[in-house]
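The values are calculated or read from the model by the stated rules, or taken from the named source; none is laboratory data. Since we're looking at a predicted model, the values are computed, not measured. Here the Cβ is made from the backbone with ideal geometry for all residues, glycine too, and neighbour counts use every protein chain on show. Ligands, DNA and RNA are excluded from the accessible area calculation, which covers all protein heavy atoms including side chains. Shrake-Rupley method; radii C 1.70, N 1.55, O 1.52, S 1.80 Å.
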Amino acid sequence: MRRNDKKLSYVYNMTINQYGINIMTVSDNQISLMKSLISEERRKKAEKCLFVADAKRSILAEILILYAIRKSFNADTSEIKFDKLQYGKPVIKNHKEWCFNISHSGNWVVCAVGDHPIGIDVEEMDVWYASIAEHFFSIHENKRIRKFSHEKDRMKEFFKLWTLKESYLKKMEKD
């Protein structure tokens with residue numbers, strides 16, 4: 001797995017580590033081996049997936065979290081047990097101070113880990129709908145998107161704003 005070595009520090013003395021993996025770089029053999037490293041709940045979830053890519057994303061999501069927690073907190077991952085908050089955000093049951101968030105879309109699974117609540121989002125930029133922007137974005141944000149003359153640039157700006165909003169909402173989820 002490849003790790004993004006950037007550590008982002010903020011005014012609040014917070015460190016964030018980011019990790020990502022392209023599912024296309026992982027063979028079916030490797031996925032089979034990884035199944036023994038994930039929770040039974042995640043294994044069952046992956047088995048219910050209709051598409052191989054969805055199962056891969058599901059398995060790699062937990063593997064990436066375990067890897068990120070081990071690297072970021074020098075943790076023994078065999079002791080990690082997952083829990084979920086009210087709206088489904090995963091947390092580590094016995095170490096609530098270890099914060100992480102996960103996202104996957106298209107060929108990518110990404111994870112952010114830190115010592116404060118955190119959110120991350122990744123989206124495959126394929127098609128966007130102006131009606132979604134009009135419904136979920138402010139007037140200012142819609143103007144910001146429309147200022148671009150090329151459709152590709154509007155789509156890029158849409159996804160930039162969308163992922164910022166998603167990661168913020170994911171960060172804010174509480175018990």
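Kindly indicate whether Asn107 is modelled with pLDDT of 90 or more, open to solvent by 50 Å² or more (accessible area, probe 1.4 Å), of a type outside the set (D, E, K, R) and touching a strand residue (DSSP E or B) at 6+ places or on another chain (Cβ under 6 Å). Yes.
The residues of the stretch 35-64 that are within 13 Å of Val109 (Cα to Cα) and either over 19 Å from the mean Cα position of the chain (by Cα) or surrounded by fewer than 17 Cβ atoms within 10 Å (Cβ to Cβ) (or both), listed by number, are Ala53, Asp54. Checked against (1) open to solvent by less than 100 Å² (accessible area, probe 1.4 Å); (2) not in a helix (DSSP H, G or I), Gln86 passes all but condition (1). Of all residues in the stretch 1-28, those that are surrounded by fewer than 17 Cβ atoms within 10 Å (Cβ to Cβ), of a type in the set (Gly, Ala, Ser) and at pLDDT 80 or above total 1. Residues that are open to solvent by 50 Å² or more (accessible area, probe 1.4 Å), in a loop (DSSP other than H, G, I, E, B) and either among the acidic types (Asp, Glu) or closer than 27 Å to Pro90 by Cβ (or both) within the stretch 116-145 comprise His116, Pro117, Glu123, Glu124, Met125, Asp126, listed in sequence order. Within the set Ala46, Ala61, the sole residue that is assigned to a helix (DSSP H, G or I) and in contact with a strand residue (DSSP E or B) (Cβ under 8 Å, 6 or more places away or on another chain) turns out to be Ala61.
Kindly indicate whether any position in the stretch 65-82 is surrounded by 19 or more Cβ atoms within 10 Å (Cβ to Cβ), touching a residue at least 12 places away in the same chain (Cβ under 8 Å), under 21 Å from Glu124 (Cα atoms) and in contact with a His (Cβ under 9 Å, 6 or more places away or on another chain). Within the stretch 65-82, not a single residue is surrounded by 19 or more Cβ atoms within 10 Å (Cβ to Cβ), touching a residue at least 12 places away in the same chain (Cβ under 8 Å), under 21 Å from Glu124 (Cα atoms) and in contact with a His (Cβ under 9 Å, 6 or more places away or on another chain).
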